[in-house]
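Following: one structure in structure tokens, then a few remarks.
Nothing in this text is a laboratory measurement; each read-out follows from the coordinates by a stated rule. Computed from a predicted structure; not experimentally measured. For neighbour counting, all protein chains shown are included, and Cβ atoms are generated from backbone atoms with ideal geometry for every residue, glycine included.
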Amino acid sequence: LLGVAAGAPSCPHGPALLFVKTSKGEEEGRRFYACSACRGRKDCNFFQWEDEMVSETRLAAREEYNRNHQPPFTHRQNVERYCYECQQLLLPAEWEEHSDHQFLCDISTAQLKSPSQLLYPLENKKTNAQYLFADRSCQFLLDLIIDLGFRRVLSVGTPRLHEMIQSKASRGEDFRVRSLLLDIDFRYSQFYTEDEFCHYNMFNHYFFGGEAARETCRKFLYQHNGQRVILVTDPPFGGLVEALASSFKKLMAMWKETEKEGHNNQEMPMFWIFPYFFESRILEFFPSFRMMDYQVDYDNHALYKHGKTGRRQSPVRIFTNLTPSMIVLPVEEGYRFCVICQRYVSSGNQHCEICNSCTSKDGRQWKHCILCQKCVKPSWLHCNNCNCCALQNHTCEKTDAGCFVCGKAGHKRSTCPSLS
């Protein structure tokens, strides 16, 4: 991935990302554009070589295709209509057009306030992956946000947290937290005003509503009367970390621009919710972040559930740039405070005196390997062939294996000098 290039062509999901296609032994690969949101060609078949000459006829056809694949109604038109099959709210005059579809009638006000439960989730793992927070995790996040003193939440791909905030705000005058949802799922425009929802692609920082939507986001990020803002995001786990990081940095820059003198060198506070095995990738782009031990669980995911044991525990964690000691985890769920590490850890995460850290990532107690000079998973054993710890029945790496790009040993493709 090379990022969003100036003048990049667009598909229905906004500006495409620039990639490079490399083959083993080649120093330079051929560059191409592909959809930012969809990793599979079946979901969006957009593809164009960077040096490809595109005719006016093909450009016109592409623009027509992009227009035809936008939502049929604008945000302002999307009110008081719902067909379950089309995932669209309907006015009485439109019922006949959907007569052969499955209907959901007599929708209550409570249902309209909980759209994530009314809509069926889009579960393409690399594009949408709408695995929705369980009530336990959603309530914990909201309580934590309030306890930390935040009054504005930029909810990027977290519709259930957004609707919980909206619902509580509509019921009580004492609840002062406000939320703005940025999400690629345009169906939410039927339930929220233009000040509450922006159609947004987090893989290329694209606001489908143009400058008006950008301005909505800017106004929301402006901290007036001491109303602190935090960005909370729960991206699809199959998405490219570097593309996500680029967009989040642009949102952080937008926040910083709202009050140039007040923020100084601070980073916009953020919760990035992602599996623990992406820790090194996230820290590569955000060195100030730390991973918390709290297990985030989801309603509609078969495995990502809290309370399971061993490898069945949810691998999803909270990455944040806030001071770890400020993130108080629930003691009743077995979390405890490590005085040495100055953060809350899970019950199975025992402090290693050699590493001088609570080293477990997955909730189990890890063991220290003298040869590797670090703690490893309890099921791993040291392999003399690989010179590292691995599963007992693993396939040993070939000693002559080298970089995929240049073929030389000692580094991976991502750090190959030929790509610099």
State whether the range 10-69 is rounded, prolate or oblate according to the following rule on the C-alpha gyration tensor (a ≥ b ≥ c being the square roots of its eigenvalues): a/c under 1.5 gives rounded; otherwise a/b larger than b/c gives prolate, and the remaining case gives oblate.
oblate
Assuming a ≥ b ≥ c are the square roots of the Cα gyration tensor eigenvalues, decide whether the range 157-282 counts as rounded (a/c under 1.5), prolate (otherwise, with a/b larger than b/c) or oblate.
rounded
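Looking at the square roots a ≥ b ≥ c of the eigenvalues of the Cα gyration tensor of the range 131-347, which shape do they give, rounded for a/c under 1.5, prolate if a/b is larger than b/c, or oblate?
Numbers: a/c = 1.41, a/b = 1.35, b/c = 1.05.
Because its axes are fairly even, with a/c under 1.5, the range 131-347 counts as rounded.
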Pull up all non-local amide H partners of residue 158: gap of 5 or more, or a different chain, and H-to-H distance under 5 Å with H placed in the peptide plane.
182, 234
Karplus couplings for the range 199-204 from phi (6.51 cos²θ - 1.76 cosθ + 1.60, θ = phi - 60°), rounded to Hz, Gly and Pro as x?
6, 9, 9, 6, 8, 9
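If you take every DSSP beta bridge whose two residues both sit in the range 131-347, what share of them, in percent to the nearest 5, is antiparallel? Intermediate results must be reported in sequence, preceding the final value.
Numbers: 13 of 31 bridges.
Antiparallel bridges make up about 40 percent of those DSSP assigns within the range 131-347.
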Applying 1/(1 + (r/R0)^6) with R0 = 41 Å to the Cβ-Cβ distance of residue 242 and residue 174, what FRET efficiency is obtained, to the nearest 0.05?
0.45
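Gain in length, residue 279 to residue 367, computed as 0.36 nm per residue apart minus the alpha-carbon separation, to one decimal in nm?
Working: separation 88, 0.36 × 88 = 31.68 nm, distance 1.93 nm.
Gain on stretching residue 279 to residue 367: 29.7 nm.
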What are the ³J(HN,Hα) values, in whole Hz, obtained from phi via the Karplus relation 6.51 cos²θ - 1.76 cosθ + 1.60 with θ = phi - 60°, for each residue of the range 54-67 in sequence order, with x given for Gly and Pro?
9, 6, 4, 5, 5, 4, 5, 5, 5, 5, 5, 4, 4, 5
Could you check the simple spin-label distance between residue 379 and residue 70, using points 7 Å along Cα→Cβ, in nm with one decimal?
4.9
Looking at the range 2-70, which GluC sites (Glu not before Pro) are in a loop (DSSP not H, G, I, E or B) and have at most 15 other Cβ atoms within 10 Å?
26, 27, 28, 50, 52
Measuring from label point to label point, each 7 Å out along Cα→Cβ, what is the residue 151 to residue 59 span in nm?
4.9
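Where does each of 284-294, 386-396 land if you order them by average Cβ count within 10 Å, highest first?
284-294, 386-396
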Ranked by how many other beta carbons lie within 10 Å on average, peptides 370-379, 249-258, 31-40, 181-190 from highest
181-190, 31-40, 249-258, 370-379
Placed amide H near residue 11: partners under 5 Å, 5+ positions off or other chain
16
The long-range amide H neighbours of residue 30, using H built 1.01 Å from N in the peptide plane and a cut-off of under 5 Å, are 21
Computed lengthening from residue 333 to residue 219, 0.36 nm per intervening residue step minus Cα-Cα distance
37.2 nm
How large is ³J(HN,Hα) for each residue in the range 224-238, as worked out from phi by the Karplus curve 6.51 cos²θ - 1.76 cosθ + 1.60 (θ = phi - 60°), to whole Hz, x for Gly and Pro?
10, 6, x, 7, 5, 10, 10, 9, 10, 9, 9, x, x, 5, x
